[in-house]
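Quick note: the coordinates plus some simple rules give every number you see, no bench work behind them. All of these numbers come straight from a predicted model, not from anything done at the bench. Virtual Cβ from ideal backbone geometry, glycine too; neighbours counted across all protein chains shown.
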Amino acid sequence: MEMGDIELAQKLFKAELEMEVPEELRSLAGNGLREIAAREIKACGPRMDAVFYLLDAMRLFSGKSLNEVREVAFEIGMLGHYEPDINDPKKTHVLWSLPGRTFSALELLCIIYAGSRGSKKGMDIRWTWARSGECR
């Protein structure tokens, strides 16, 4: 598949998400965008900002009980319903379970990932916040 094909597919998937279409079609468009994002992210290698956010998240959870970790992860999971954009570091979010700090969507993704990996070894999570992936 050529790059122009991917760009066209992204454009069409995004347009479909803005239309009034059956939920099944919306779901297929969202899945298509996620697959494109995953493919692009894998091609770029790890995002170093995410690596450092993940290290910070691991420090955040060290010494916390499993219930405290779950409380934070649950709150972030609830924010995931609003599909924050991990590629927009200017938009920040506040957590009741971690007062006094603001977080970008990418930071929240890393926190919930670290929390899920620490609470159940070998657990894999699926993430739906990213609508597009970019090499940075």
Quiz item: List the GluC sites (Glu not before Pro) in the range 6-107 that DSSP assigns to loop (not H, G, I, E or B) and whose Cβ has at most 14 other Cβ atoms within 10 Å. Which are they?
Solution: Glu20
Self-check item: Viscosity 0.890 mPa s, temperature 25 °C, Stokes-Einstein D of the range 48-119 from Kirkwood C-alpha radius, µm²/s
Solution: 203 µm²/s
Quiz item: Rg to Rh for the range 3-44: what is it, with Cα atoms only and Rh by Kirkwood?
Solution: 1.02
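At most 13 other Cβ atoms within 10 Å and a DSSP loop assignment: could you name the chymotrypsin sites (Phe, Trp or Tyr not before Pro) in the range 1-108 that fit? Intermediate results must be reported in sequence, preceding the final value.
Working: sites: Phe13, Phe52, Tyr53, Phe61, Phe74, Tyr82, Trp96, Phe103; in loops: Trp96.
Listed in order of number, the matching sites are Trp96.
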Self-check item: Approximate shape of the range 1-96 as ellipsoid semi-axes (Cα gyration tensor, √5λ), whole Å, largest first
Solution: 31, 19, 11
